[in-house]
Structure formats: structure tokens, C-alpha cells
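Please read the structure below before turning to the comments.
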Amino acid sequence: MKSIDFAPILAGLLMLALWEGLTRFFQVPSVILPPPSAIGAALVERGPLLLPAAGVTMGLALTALAISIGLGTLVALIFARIPLLERSLGPYALVLQATPIVAIAPLVIIWTGIENPRRAILILAVIVAVFPVLTSALAGLKAVDPGLDRLFRLHKASSTQRFLRLELPTAAPFLLAGIKTAAGLSLVGVVVAEFVAGTGATGGLSWRLVEAGNRLETATMFAALFLLALMGLALHAVLSLIERQMRT
Amino acid sequence: MPSESPIRLSAEQACVRFGRLDALGPIDLSVRAGECVVLLGPSGCGKSTLLAALAGLQAVASGKVQADATGGLDIPGVVFQEPNLMNWATAEDNVALPLALLGVDKDARLERAQAALKRVGLASFASAYPRTLSGGMRMRVALARALVNDPSSLLLDEPFAAIDELGRRALDDLVLEAKRDHHLAVLFVTHSVDEAVYLADRILVLSPRPGRIMAEIAVPNVPRDPAFLTSPAFADAAAAARRVLSAQLVAA
């Protein structure tokens, strides 16, 4: 059983206390920087509005992640089987990856139609999250141990046996590392896409953030940010747990 | 070795080329059931290449190689320089791999894997993962895997080079035991003259690349026990092998 490290918890409590003390001592206006107690109060007060919105954003992020895992793994498999395809299309995938998502967003929104913000958000989040899955799965599929490769050739393994018993288990740790990165990125992708879509139709957390900003409800903005950070941490924790289980 | 035992491994005028480079041969060789032939020779002379060709992992440019087998399988047992174990699988799953690839059902293959592990002294490590095993134990798992589908021949490519003297002797004894109990044809590559003499019925000394058989040294058919290591028969065979190897060095 791993013992809990109290150092970051203590540091966090100390920072919160300092934040609370300084904002009160210097009487910083709440609209500029609310104290943590006010953010806590906003979280409780606005909870009924923020929590369902967080659920929507999390749902979109998880859907985008699932699509990214499926799509990224499938393309990696095709690339690994047909190196010519990887050589031909790899550079274009890189171009798409290197283009900022904010710049692509208006185009995607036009293509999906302004009435389909959910579809646009998913596409944009997948564009961001799919690449870590693709590159890590491809690296994993290529990392087969040459000695084991010879052993499978010796025993005349079929390509299905080779895939299931050699390539997939070799690629699994690589793929999981890629999925961990993709999980964070899918959340970022959804949040950015919700911002750019600029619509409350999906009712996601970013929209509540924009709404609170327009009303100068800074404490609510911080409460929404807190929920976003919590969601990112939860995703990371679940995937780290799976990774640890795989190692033992 | 009774000459009427069937030939299990054979090479006839076998040559291997890598591009324009002549790597091996021409070589003629035969190993009978119940016989252990050891290949000695300088690095790069093609010993491992010959083993790979007999295992079907390397095509010959000319001539013929054959690993004759019984039981409808034409795959010899092979132990490589590295154990080559799947880190994500237990010892018994590693040993059972050749059977799994043949489509043997799970219960039957695990039963046979456990029997093979018992044969190499690892019965209580069936559910251990490779990272928890020592180098010598990992090699035992590799040996069990090579024996699990009851091959008629066994090819070993410097398998115990990285293992300490005592561990190596124990593994050599396992090879001799498998040869005796299952009437295996064994072809063993090593750099160690002492190991060669201890294991071999015949030692074949190869020339530098492209490897050809330079000398054949017969080792007396006496029990392989600690007394053999200090016997005149052992010393004579080792001296003969060293003489051929030294002559190659002088010629080079």
C-alpha cells in the first residue's frame, strides 16, 4: 500500500490560506480576485447550474476520447501494415496536428452547420486528441522485440496470432501512455471548441464560464475552472490506475 | 552413437549468402537422433547462420538443409542467445506459446507447459513473470518452451554464454538429460571449448567466414559427471579443439 504524500496537500492549504488572507487584508474587489471562501460559496450556490454543465462537457470529452482511441488505433494498424500509406499520409497528418484548433474551428462549424454544435465540438476535440493515440500506437506496434519476432516466425504464427499475442501486448503500454495524453487533450479540445462555437446550445461548462464572465461573476468563473481542473485530474487518475494495474 | 539412429538434422552442400557476402558453406552435416553435435568456431564464421537455416529462419542460397521431425511437426526446438520471453505473460504461458500457436486447447497446453517446467526444475514458478526470474531461470523457461511440443531435434545458439559457471553446468546437464530421455538430435553452438567437450558426442570446428567444417573431434562416450571434467579423455578432446582453433588464429 502506497502511503499518501501530505506535502502537496499542505502546500495547497497554505496557498489557499495565503490567498484568503491577502485578498481580505488588501480588500481586493471580488470581481478582480474573489477569496477562496467566496469561490466555495459560489460552487455551492451555483452547483445546480454548474454540475450538469460539467457533466455535459465531461460526456463530450469522454466521447471524443473514445472516438480518438478507436480511430487512432485503427489508423495506426493500417499504417503499420502498409508502410507506404504511412509514408504518403504521415506528413499531412502532421500538418493537421500542427494547425491550431482555434483556427480550424470556424470551418468545422460551417461544415457541420451552426445548428449542430455538439457534432462540431466532437470533431474538433477528436482532431486534437487522436494524434497522441495514433503516434503512440504506431510506435508500440513497431516496438516488437526482434527475438520474439524470430520466435513467432519459427512457429509459423499467422498474422492474427502475431497481432493478438505479440503486437498488441507490446503496443499496450505505449497506447496507454498515448491515451493518457489524449484524455487531457480531449477535455482541452471540448472546452476550446465550446468557446469558439460561442453557443449555449450544448450547455457545457465553457459556456457557463463565458456566461459568468459576461455577468462579471468572477467567483462563479473560478468555481467552473475548479470543476474543469477536477475533471482533468479525475481522468488522469483513472488512467494512471489502469496503467499501474497493467504493470503489476 | 549407434549409426542406425535416424538422421534428424542435415545439411548438404548448404551455402548462405547475405547479398554479395558469402556467409557460410558449403557445409555437409548430419546429426542423428540421440546425438549431440557442438559447433565451435571464430565469431562471424556462420555458426548461428547455420542454426537459423536449419530452423527455417534463414534461406540457403544453394544446397539443402533439413530438420526432419516426428509427430507431424516440422519445427525443431530452438533456444536462442537471449531467452526471448514475453514479459507480459507468466512462465507457463511463455512455455505454452508453441502449443497455443498450434491451436492446442488451453487446459492441454497448460498441462504440458507445467510438465515441461517441471522437467527444467521450475515447477513452482509456473505463475511467475519473467522479470521476477533470474537470468538462469529465464533460460530454463526458454529451454522448457523449446521442449514443450516434443520436437525430435533441438538447436541451441550460445544459450548459456551469459550465465555463471555453475548455472551453466546445470543447464548443460538439462540439455544432456533431454537428449537422453527423448532421443533428441542436438546441435549446440558455443564459444566455450570446455562446454563443447562436456556436451558433445562430436565437435565440429568451423573455419572463419564463410564457415566450412575444418575438423571433426570425437569425444569418448563416457558418463558426463564431475569426474569427466578432470579425466584425460576430457583434456585430450579439449586440447585437440584448442589446437584447431589456434591454428586458425595463426593462419589469420
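Some observations on this one:
- Just checking the listed ones, A:Pro52, A:Pro83, A:Pro34: in the Gaussian network model of chain A with Cα springs under 10 Å, the one fluctuating most is A:Pro83.
- Lys, Arg +1 and Asp, Glu -1 on Cβ, resulting dipole of segment B:109-159 about Cα centre, debye, nearest 20: 220
- For peptides A:163-170, B:136-143, sequence by mean Cβ density within 10 Å, most packed first: B:136-143, A:163-170
- Mean per-residue shielding of peptide B:97-107 is 3, counting Cβ atoms of other chains within 10 Å of each Cβ.
- Here is how the number arises for chain A: DSSP H runs of 4 or more residues each give -39500 (n - 2.57), the sum is divided by the residue count, and the result at 222 nm is -28000 deg cm²/dmol.
- Working note: Karplus 6.51/-1.76/1.60 with θ = phi - 60° gives segment B:222-229 the couplings 10, x, 8, 9, x, 5, 4, 5 Hz, where Gly and Pro are set to x.
- Nearby aspartates and glutamates by direct alpha-carbon distance to B:Lys118 (threshold 12 angstrom, same-chain neighbours under 8 apart not counted): B:Glu92
- Remark: mean inter-chain Cβ contacts per residue of B:78-87 equal 4, using a 10 Å Cβ-Cβ cutoff to other protein chain atoms.
- Angle in degrees between helix B:106-119 and the longest Cα principal axis of chain B, rounded to the nearest 10: 50
- D (Stokes-Einstein, µm²/s), Kirkwood Cα radius, the protein assembly as shown, 1.002 mPa s at 20 °C: 77
- Other protein chain Cβ atoms within 10 Å, averaged over every residue that makes up B:39-49: 0
- Distance between the modelled labels on A:Ser159 and A:Arg87, one decimal in nanometres: 1.8 nm (7 Å Cα→Cβ projection).
- Each of B:Leu184, A:Leu84, B:Leu245 has some number of other Cβ atoms within 10 Å of its Cβ, and from fewest to most they run A:Leu84, B:Leu245, B:Leu184.
- For B:Ser153, nonlocal amide neighbours, meaning residues 5 or more places apart or on other chains whose placed amide H falls under 5 Å from its own, are B:Gly77, B:Ala185.
- Averaging the Cα positions of each part gives two centres, and for segment A:121-177 and segment A:63-114 these lie 18 Å apart.
- The angle between the Cα long axis of helix A:36-81 and the longest principal axis of the Cα atoms of chain A comes to about 10 degrees, rounded to the nearest 10.
- Computed about its Cα centre, the charge dipole of the protein assembly as shown is approximately 680 debye, with only Lys, Arg, Asp and Glu carrying charge at their Cβ.
- Put the Cα centre of segment B:164-205 next to the Cα centre of segment B:73-93 and the gap is 19 Å.
- Each residue in A:His155, B:His182 was given a count of other beta-carbon atoms within 10 angstrom of its own, and listing them fewest first yields B:His182, A:His155.
- Here's the picture: charge each Lys and Arg Cβ at +1 and each Asp and Glu Cβ at -1 in the protein assembly as shown, and of A:Thr112, B:Ala196, B:Leu206 the one pushed furthest to the positive end of that dipole is A:Thr112.
- With Cα atoms, 0 to 90° folded angle of helix B:91-101 axis to chain B main axis: 80
- Residue order, fewest to most beta carbons within 10 Å, for B:Leu199, B:Leu174: B:Leu174, B:Leu199
Each reported figure results from applying straightforward, stated rules to the coordinates on display, with no laboratory input. Treat the numbers as computed from the prediction; the structure is a model and nothing was measured. When we count neighbours, we look across all protein chains shown, and the Cβ atoms used for this are built from the backbone with ideal geometry, even at glycine.
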